[in-house]
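Structure first, commentary second.
The values are calculated or read from the model by the stated rules, or taken from the named source; none is laboratory data. Keep in mind it's a predicted model, so treat the numbers as computed, not measured. Cβ coordinates were reconstructed from backbone atoms using ideal geometry, including for glycine residues, and neighbour counts include every protein chain displayed. For the accessible areas, the whole protein counts, side chains as well, though only heavy atoms, and no ligand, DNA or RNA atoms are used. Shrake-Rupley method; radii C 1.70, N 1.55, O 1.52, S 1.80 Å.
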Amino acid sequence: MQEAINSQIPEAAIAEITQLLSHDELVVKIKRKRKTKHGDYRLLPDGKHQITVNESLNKYRFLITLVHEIAHFEAFKKFGRKIKPHGKEWKSTFQRLMLPFINPEIFPNDVLPLLAKHFRNPKASSNSDEKLYLALKQFDPPSEKSFIFEVREGETFLAQNNKKYKMGKKRVKRFECLELENNRLWLFNPNAEVDVIGDAQLSSKKVG
């Protein structure tokens, strides 16, 4: 498994990651792409701890996600099971573990200042940091999807949950969108990725 992990992260990060994963009770699994999460951590019934990370992530996002989940493991070991999943104990642990990786040997120079700013107060998901998300996105394989902020008001799009929405107005940082099936309003983050549906395509689907 260590070789599989090494192939997913920047070469300069391998030694530090190998050290962080050197626990007999810690199990790491690489999973196929999941729409709702990049990775997760949980305590198994046998007392071992399991981390999973999506194999589809680019090497920089994979590294951040892996350290994110290792921080859950480390916080559990130090503070116990009663802490909040992304509370102050996890945040301080995540900050400490990420510090050795925030250097130009591992991350591109244009990403470093965004990482440094993000880790002053890390969020539950790096996706919520719009600037950092877009900076990391440039290292993903080419995609035909659009970001929500690129969709014009009134256009229809298909979200990752396979439901259709009509683009509405921007509310401060998020966008108001109407779910067409039940006319409920939802708020989308600007960096959510969607498939825009043209009027002709939408009409043909309704008729068919």
- strands (runs of 3 or more DSSP E) fully within region 1-115 counting 2 or more residues that are under 20 Å from D129 (Cβ atoms): 39-43, 49-54
- Task: Could you tell me whether any residue of region 98-114 is at pLDDT below 95 and polar (S, T, N, Q)?
- Result: no
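On the basis of being over 18 Å from the mean Cα position of the chain (by Cα) and modelled with pLDDT under 95, does R184 make the cut?
Numbers: over 18 Å from the mean Cα position of the chain (by Cα): yes; modelled with pLDDT under 95: yes.
So R184 fits the description; yes.
Looking at this structure, is V27 in contact (Cβ under 8 Å) with a residue 24 or more places away in the chain, crowded, with 22+ Cβ neighbours inside 10 Å and touching a His at 6+ places or on another chain (Cβ under 8 Å)?
Working: in contact (Cβ under 8 Å) with a residue 24 or more places away in the chain: yes; crowded, with 22+ Cβ neighbours inside 10 Å: no; touching a His at 6+ places or on another chain (Cβ under 8 Å): yes.
Spelling it out, it is not the case that V27 is in contact (Cβ under 8 Å) with a residue 24 or more places away in the chain, crowded, with 22+ Cβ neighbours inside 10 Å and touching a His at 6+ places or on another chain (Cβ under 8 Å).
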- Query: Within region 120-134, is even one residue farther than 25 Å from F175 by Cβ and over 16 Å from the mean Cα position of the chain (by Cα)?
  - Reply: yes
- Return yes when G80 is open to solvent by less than 70 Å² (accessible area, probe 1.4 Å), more than 17 Å from the chain's Cα centre (by Cα) and either on the phi > 0 side of the Ramachandran plot or among the polar types (S, T, N, Q) (or both) and no when it is not. yes
- Could you tell me whether F147 is open to solvent by less than 70 Å² (accessible area, probe 1.4 Å) and aromatic (F, W, Y)? yes
- Query: Does region 37-53 include one or more residues that are at pLDDT below 95, out of contact with any strand residue (DSSP E or B) (no Cβ under 6 Å at 6 or more places or on another chain) and of a type in the set (K, R)?
  - Reply: yes
